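What follows is one structure encoded as structure tokens, with my remarks underneath.
None of the figures in this text is laboratory data; all of them are computed from the coordinates on show. Here the structure is a predicted model, which is why all the values come from computation and not from measurement. Every residue, glycine as well, gets a Cβ built from its backbone with ideal geometry; the counts of neighbours run over all protein chains shown.
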Amino acid sequence: MSDPLYATLRDKAEIEEGDRLAPRFDAAGLVTAVTVDADAGDVLMVAHMDAQALALTIETGEAHYFSRSRGRLWKKGEESGHIQRVVELRVDCDQDALVLRVRMEGPGAACHTGHRSCFFRSVPLGSAPSPELKLTANDAGKVFDPKTVYGKPHF
């Protein structure tokens with residue numbers, strides 16, 4: 001799917017090595033966006049962007065996404081105050097995935113559960129699959145109480 005905001009490239013070499021942004025949105029009009037802490041390098045969250053979210057992110061320097069569960073555009077922090085300032089926006093070689101390097105403003109939590117990162121649990125390796133998840137070594141617990149911020153469970 002193409003969008004008039006971005007270049008439409010058909011040549012593989014132009015897409016993979018050229019100097020024009022031509023995101024390859026999927027059939028739903030979305031591209032995957034991986035958000036990482038600009039300083040520590042930790043993965044904070046994975047979300048999706050449509051053409052409008054990507055354009056607003058580029059224009060404002062603040063992360064915008066498309067919520068598949070809510071079916072709408074949203075600016076990270078619009079409810080919680082946990083704004084993501086984009087330091088760098090990277091596109092992969094075939095332009096179907098993005099990496100946003102961000103600095104968090106506010107309490108510094110990327111996850112609606114109150115944790116700094118959405119990736120606060122790990123799966124133990126080296127044994128049979130287990131439903132028991134472990135907190136990651138770098139998780140210091142919740143940074144905020146979601147009920148206080150959102151007034152209700154936020155899913």
ask   = If we keep just the residues of segment 69-78 that are surrounded by fewer than 16 Cβ atoms within 10 Å (Cβ to Cβ) and under 14 Å from the mean Cα position of the chain (by Cα), which is farthest from V102 (Cα to Cα)?
value = L73
ask   = From the residues in segment 85-111 that are closer than 16 Å to D26 by Cα and not in a loop (DSSP other than H, G, I, E, B), which one is farthest from the chain's Cα centre (by Cα)?
value = V91
inquiry  = Condition first: of a type in the set (A, V, I, L, M), buried (at least 19 other Cβ atoms within 10 Å of the Cβ) and over 14 Å from the mean Cα position of the chain (by Cα). Now tell me which residues in segment 23-68 satisfy that.
reply    = A51
key: Residue under evaluation G114, criteria (1) surrounded by 17 or more Cβ atoms within 10 Å (Cβ to Cβ); (2) in a strand (DSSP E or B); (3) without any contact (Cβ under 8 Å) to a residue 40 or more places away in the chain, criterion not met   = (2)
inquiry  = Residue under question is V123, and the condition is that it be out of contact with any strand residue (DSSP E or B) (no Cβ under 7 Å at 6 or more places or on another chain) and not small (G, A, S); does it hold?
reply    = yes
task = Could you list all residues from segment 118-133 that are more than 27 Å from G29 (Cβ to Cβ), assigned to a loop (DSSP other than H, G, I, E, B) and touching a Leu at 6+ places or on another chain (Cβ under 7 Å)?
result = F120, V123
